[in-house]
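To keep things clear, I will list the structure first and then write my remarks on it.
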Amino acid sequence: MEKPQASVIVATYNEADNLPKLIPSIHSALKDAKITHEILVVDDNSPDGTADIAKKLSKKYPVRVVERPEKRGLIQADVDGFMNARADVIGCIDADFSHPPEKLPEMIRPVLEGMADITVGSKYTNEGKIKEDWPLKRRIFSWGAMMLARPLSPVKDSVAGFFFFRRGVIEGVRFRNKGFKTLLEILVKGRYKKPLEVPITFGDREAGQSKMGNTEIFDYLVHLSRLYLYKLIRR
């Protein structure tokens with residue numbers, strides 16, 4: 001089997017309503033851009049049958065399914081995706097359509113062509129924005145999370161979930177077991193010189209329930225404090 005140019009990781013938990021539309025959208029955007037690819041669905045034993053739907057989609061699209069026995073958190077889902085990826089350009093996109101699949105070529109091509117080591121789909125850079133229908137509570141949390149992490153990173157939207165990177169960027173990186181801000185971990189610990197923010201319009205999920213709650217907020221604050229300590233020790 002020929003190695004693809006890009007591996008797109010979609011971490012899922014109860015995303016059965018979104019996958020049948022998302023997978024074709026990802027495939028169409030990259031096929032039109034002539035970027036060979038694979039889509040890795042990393043599922044945490046979703047009770048709604050997400051993994052089974054992904055397997056059915058794999059008969060028509062370049063999908064591989066990584067099944068995990070229980071819900072272990074987004075960072076570990078992404079890392080399992082990284083470990084199973086076959087391409088040299090790897091990245092993540094949310095399963096709920098909050099990230100626009102049509103932006104995938106613009107995210108991947110700079111890394112493929114050596115113009116960037118890592119690209120970030122940013123809602124806070126010039127021309128980036130958030131759709132007006134996004135709930136106020138989520139806006140406040142997103143802005144606060146971004147501002148708290150700002151000193152740790154060379155990019156504005158360091159807590160984004162839409163990003164791509166060269167495989168070598170994460171060589172030697174030890175990822176934290178808990179948490180959901182994979183990009184922030186990579187930006188603090190990874191090996192890169194050329195980050196690039198790509199403006200996107202960030203929207204609310206199309207279907208299903210948001211996973212954000214008090215536990216996730218607490219985990220983020222703990223994660224953030226550990227990354228500040230890591231950076232302080234590494235100076």
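Values in this text are rule-based calculations from the coordinates and carry no lab data. Keep in mind the model is a prediction, meaning the values are calculated, not measured. Every residue, glycine among them, receives a Cβ derived from its backbone with ideal geometry; neighbour counts consider all protein chains shown.
Tell me, how many Å apart are the Cα centres for segment 89-105 and for segment 150-193? After rounding, the separation between the Cα centres reads 16 Å. In a simple Cβ point-charge model (Lys, Arg +1; Asp, Glu -1; nothing else charged), segment 1-129 has a dipole of about 340 debye relative to its Cα centre.
If you place +1 on the Cβ of every Lys and Arg, -1 on the Cβ of every Asp and Glu, and leave all else neutral, what size is the dipole of the chain about its Cα centre, to the nearest 20 Debye? It would help to have the intermediate numbers written out before the result.
Values: 39 positive and 31 negative charges, 181 e Å.
Charge dipole, the chain, about its Cα centre: 860 debye, nearest 20.
Would you mind telling me which residue in I90, I108, I217 has the biggest mean-square fluctuation in a Gaussian network model of the chain, where springs connect alpha carbons within a distance under 10 angstrom? Looking only at I90, I108, I217, the biggest GNM fluctuation is shown by I217.
Could you please rank F82, F164, placing first whichever residue has the fewest other Cβ atoms within 10 Å of its Cβ? Could the numbers behind the result be given before it?
Numbers: F82 21, F164 30.
Placing the least packed residue first, the sequence is F82, F164.
Note down the net charge around D157, summing +1 for each Lys or Arg and -1 for each Asp or Glu among other residues with Cβ under 13 Å from its Cβ. So the environment of D157 carries a net charge of +3.
In terms of its C-alpha gyration tensor, the chain has a rounded overall shape, because the principal axis ratio a/c (a ≥ b ≥ c, square roots of the eigenvalues) stays below 1.5.
For K193, the lysines whose Cα comes closer than 22 Å to its Cα, not counting residues fewer than 8 places off in the same chain, are K123, K156, K181, K231. As a proxy for reagent exposure, D48, D117, D96 were ordered by neighbouring Cβ count within 10 angstrom, fewest first; the result is D48, D117, D96. Note that segment 41-136 shows a convex hull volume over its alpha carbon atoms of 152 Å³ per residue. Only helices enter this figure: runs of n ≥ 4 DSSP H residues, each worth -39500 (n - 2.57), summed and divided by the residues of the chain, yield -11500 deg cm²/dmol at 222 nm to the nearest 500.
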